[in-house]
Amino acid sequence: PRYGELRIEEPVESHELWCAIARQLRRLAADERTEVRTCSLHTLTSILTSHGAQLSGSTWDYALFRALLPMMREVCEAAAAACATQQVAKPLGKEGGVPVLMLLHHSRDTASKQWDETWVLLLHSSTRLFRAFLPTLMARPRFSKAWARLLAFCRTSLLAARRSVEVSKAAIHALVHELLCSTVALKTPRRASSSLLPPPPPPPPR
């Protein structure tokens, strides 16, 4: 199954365990409850940041192509389909026969705005992971595809300005970080970087 469970009665390989964690966190990142989505993304970012140096290449491939990158498409689709007008405040009870609703800030009072919050968090999380582990990721055979999908996600976020200025601002911030990553990678004598990043400009004529 897509989100299969581990067979705990059998010995578990480290790779299988990480894959199971990534699958479940990806599923929770698409939950209808915004607090669950937020916790899922924070957890995925934290554990990959803390243990990324110990992960194998195949585990990184799985985390990218089966968790983080698919999340980008799923979050964009969910945000586009979310209602932008209906209030999402939950009823807390009644007082004098009048329903009492949970008080929400105006920036988070619709499903669309709450999905925007998830979108922004995913932008920051993706940028943070790519920045922290760029040399490791560049050594993977499919890095160019992952990099292209990340930039495509940033582009989609930039073009979302009409529906959410918050998302577009977060995309600009993410792209600045990606440019910083490129500067660092350009100074690193790796064969992968020379094929993915532009060559340095020629020296000025004397």
Report summary line: Between Glu16 and Val165, the FRET efficiency computed from the C-beta separation at R0 = 41 Å comes out, to the nearest 0.05, as 0.45
Query - Stretch gain in nm, segment Ala80-Arg128, where the contour uses 0.36 nm per residue and the Cα spacing is subtracted - result: 14.8 nm
Query - Separation in nanometres of the label points that stand 7 Å from Cα toward Cβ, at Phe65 and Glu35 - result: 3.7 nm
Query raised in the report: Roughly how many nanometres apart are two label points built 7 Å out from the Cα toward the Cβ at Thr136 and Thr156?
Result: 2.5 nm
Report task. Within region 43-77, which residues have the backbone N less than 19 Å from the label spot 7 Å out from Lys145 along Cα→beta-carbon, could you tell me? Result -> 56-74
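None of the figures in this text is laboratory data; all of them are computed from the coordinates on show. Given the structure is predicted, the values throughout are model-derived calculations rather than measurements. Because the Cβ atoms are built from the backbone with ideal geometry, glycine has one as well, and the counts that use them run over all protein chains shown.
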